[in-house]
Amino acid sequence: MKNLFRWAIVLAALALVLIAPAVFASAPTGAGPNDALMVPTSWQTIAPNTTLWFYYDYVPGLDPRGHVSVQSRVNVAVDANGVGGLQFAIYTPDQATAWMSDPTTAPVGRGTPFYDTVYGTLAHDLYWSGAFKNSGRYFVALTNTNSVAEPYLLTVTGDSAILYPTPTPVASPTLYVPITVTPVPTSTVQGKFVFETATGGAIYTVNGDGSNLTQVSHGIDPAWSPDGTQITFARWDNTAPGLYIANADGSNEQILYTTPFIRSPRWSPDGKYIVFTQQKPTNSTKPVWKLGVIEVATGKLIEPQCGQQCYLPSWGSDSTTIYYYDPSAGIMATSILGGPAWLVMGPTGSYFDTAANIARPILQMPPIQSAEISPDGKTIVYSQQAQDRWELNTVNSDGSNATGITSPDLILSMFFNVVDHNVAPAWSPDGKQIVFLSDRNGKWEFFVVNADGSGLTQVLKNVTDSIPLNYSYSYERMIDWTK
């Protein structure tokens, strides 16, 4: 009945749209400067052998001498998980105008690989930075030269860059009925959370009812020990980067393993090990991320077999099996006891190649940003890109029964082009619920849903009303839940 009611609302709204005057212009496609897209706020996919144009407005700041200030620099970065074949060019307003009559017009700049000056590792697949004397609309032309679609994250930062200018008002339809979305109810849950405000930001603990909010440390991807008495997290600080543990109140902090880049530490259910992913030194321009396991009592390092891009590890209930995500393959599993990794869930289906007039298999899944196995080792929850949004899904640990547990609001997505994203899931201690981040209210907040997708509620609203959260689609694990 609930679905029938929602579709009745959709059909009613559609009828209103059809009888109203046509006042909405077609959406831009990114085909050129006069059809450019806004800079996206999340990971997207670019089709093979395609160029997409994006725009930002620019207003330089001046120093006391009337010169363009240092703060006026614009930084453009493209991250693509080390995938080659992507290029971008920067065009000034005059160059963009010239390009429309002469596509051979040279840009003012091009993106190049950007390396961390301290560790020599690849920080961005492509990067460009510069400032201009004149205000106006500037453009980024992103090209995929590969024969397959590629995921990418385009970011444009800088005090002088205006990414989302206020749209020009348009006439309202003659018939207009405002449509609102029923707010998600708020609730409290049992247990205790540890969460980060951002990658490398403050780490807090808080009760499930929002009480006893306490800052206990700072770092990356915090997680509870099995008994809830300790936390583990990573740091990339230049002074002492590595894997850390501390008491739940932040006391007795100590480093277990020193290395520059660590992500996603998770304690094994038996409390003996902590798994993580770490960036390994390499001569390649593509960063290599491998799994590592520290035996807590001895500090012994174990390195289970996996590929070159191993992210988001979590433990099976046996404290020996590790599930993780490989962008080139899918959701994988391996064992600390040895032996090769195996595929849990990979690309499925096919697409029709019109040029070759044949069906070809899909070789790459839509990108995944978060994945974690349930406490009983039976179900994996993951956040995956679904066209223009991110949704939560579950799949059995044997790769069967992939099921969506969040979905977009039909009214907002179909008629108002408003998209919300659901990311960074973590299981409740009993495996019956999932806590996650969503921006459905215009900012990142915490929500809880039952494992079957029912019972959506907002939690910790008093916390997110006072503490802003920053999620940047960089495999963050923002929150963890204990009894």
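Working from label points 7 Å from Cα in the Cα-to-Cβ sense, the residue 31 to residue 135 distance is 3.2 nm.
The orientation-averaged projection of the convex hull spanning the C-alpha atoms of the stretch 236-316 amounts to 6.2 square nanometres.
Within the set 286/432; 290/378; 280/432, which residue pairs have Cα atoms separated by over 29 Å?
286/432; 280/432
Using a 7 Å offset from Cα along Cα-Cβ at residue 190, what residues in the stretch 443-483 end up with backbone N under 12 Å from the label point? Inside the label zone: 483.
Convex hull volume per residue, computed on the Cα atoms of the stretch 174-286, equals 204 Å³. Here the stretch 184-226 is scanned for amide nitrogen atoms under 14 Å from the site 7 Å beyond the Cα of residue 472 along Cα-to-Cβ, giving 197-202, 219-221. Label separation (residue 101 vs residue 213): 5.8 nm, computed from points 7 Å beyond Cα along the C-beta direction.
Just round it to a whole percent: the fraction of Cα-Cα distances in the stretch 266-409 exceeding 22 Å. Can you show the working numbers first?
Working: 4544 of 10296 pairs.
Across the stretch 266-409, Cα pairs with separations above 22 Å total 44 percent.
Quick note: the coordinates plus some simple rules give every number you see, no bench work behind them. These numbers were taken from a predicted model, which means no experiment stands behind them. So basically every Cβ, Gly included, is an ideal-geometry build from the backbone, and we count neighbours across all protein chains shown.
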